[in-house]
Amino acid sequence: MKHTSAILPGSFDPLTNGHVDIIRRAASLFDKLYIVVGDNVRKQTLFTAEERKNHILESVKDLNNVYVEIWKGLTVDFLKKYDCKIIIKGIRDASDFNYELDQAGTNKMIMPGHETFLMITDPRYHFVRSSTVKEMARFGADVSEIVPEVVNRALLEKFKLLT
């Protein structure tokens with residue numbers, strides 16, 4: 001049985017051009033791609049889930065097969081609800097690989113029958129991490145080359161209010 005839909009979960013706080021690159025590449029492979037905006041309980045978010053959803057929608061508005069959903073709960077429960085069998089994850093380096101390998105194993109234990117596909121980040125974005133983007137923006141560094149325009153504007157506004 002061929003699968004025509006996949007999910008790409010993440011916190012996307014903030015969305016980076018690396019995320020957008022993975023979204024675009026994954027969207028070219030599936031009829032439907034669900035971007036699942038969640039909260040990592042180990043991280044404090046800068047943007048609300050609704051803001052992050054809107055950043056994604058604005059950044060990929062030209063892709064008519066991408067759907068963005070806010071989700072609280074296990075990724076495998078999203079898979080079940082939307083009858084998906086494929087999780088897409090972007091990886092930059094060995095530490096990402098090890099983390100995603102553990103996640104994939106846990107998800108497989110909870111929900112056998114799905115697959116996790118790992119997509120290698122474009123080398124232009126290998127160094128880009130959301131946490132680094134937030135730190136750079138907080139201290140006034142120009143991040144316009146590594147985040148979508150909508151996110152750059154939101155970061156400028158957010159940190160203007162914080163200073």
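Of all residues in segment 146-163, how many are at pLDDT 95 or above and either crowded, with 18+ Cβ neighbours inside 10 Å or of a type outside the set (Lys, Arg) (or both)?
9
Quick one: His126 ticks every box in (1) surrounded by fewer than 16 Cβ atoms within 10 Å (Cβ to Cβ); (2) within 13 Å of Gly18 (Cα to Cα); (3) out of contact with any Lys or Arg (no Cβ under 6 Å at 6 or more places or on another chain); (4) not basic (Lys, Arg) except a single one, so which number is it?
Tallying (1) surrounded by fewer than 16 Cβ atoms within 10 Å (Cβ to Cβ); (2) within 13 Å of Gly18 (Cα to Cα); (3) out of contact with any Lys or Arg (no Cβ under 6 Å at 6 or more places or on another chain); (4) not basic (Lys, Arg), His126 fails exactly one: (3).
Mind listing whichever residues of segment 37-53 are surrounded by 23 or more Cβ atoms within 10 Å (Cβ to Cβ) and hydrophobic (A, V, I, L, M, F, W, C)?
Once the filter is applied, which keeps residues that are surrounded by 23 or more Cβ atoms within 10 Å (Cβ to Cβ) and hydrophobic (A, V, I, L, M, F, W, C), segment 37-53 yields only Val37.
In segment 42-97, what count of residues is obtained for those that are over 26 Å from Glu157 (Cβ atoms), within 12 Å of the chain's Cα centre (by Cα) and among the β-branched types (Val, Ile, Thr)?
Of the residues in segment 42-97, 3 are over 26 Å from Glu157 (Cβ atoms), within 12 Å of the chain's Cα centre (by Cα) and among the β-branched types (Val, Ile, Thr).
I'd like to know if segment 116-132 contains one or more residues that are without any contact (Cβ under 8 Å) to a residue 60 or more places away in the chain, among the acidic types (Asp, Glu) and either at negative phi or part of a strand (DSSP E or B) (or both).
Looking for residues that are without any contact (Cβ under 8 Å) to a residue 60 or more places away in the chain, among the acidic types (Asp, Glu) and either at negative phi or part of a strand (DSSP E or B) (or both), one finds none in segment 116-132, hence no.
Working only within segment 133-143, note down all residues that are small (Gly, Ala, Ser) and either part of a loop (DSSP other than H, G, I, E, B) or within 18 Å of the chain's Cα centre (by Cα) (or both).
Listed by number, the residues that qualify are Gly140, Ala141.
The values are calculated or read from the model by the stated rules, or taken from the named source; none is laboratory data. The structure displayed is predicted, hence computed values, not measured ones. Every residue, glycine among them, receives a Cβ derived from its backbone with ideal geometry; neighbour counts consider all protein chains shown.
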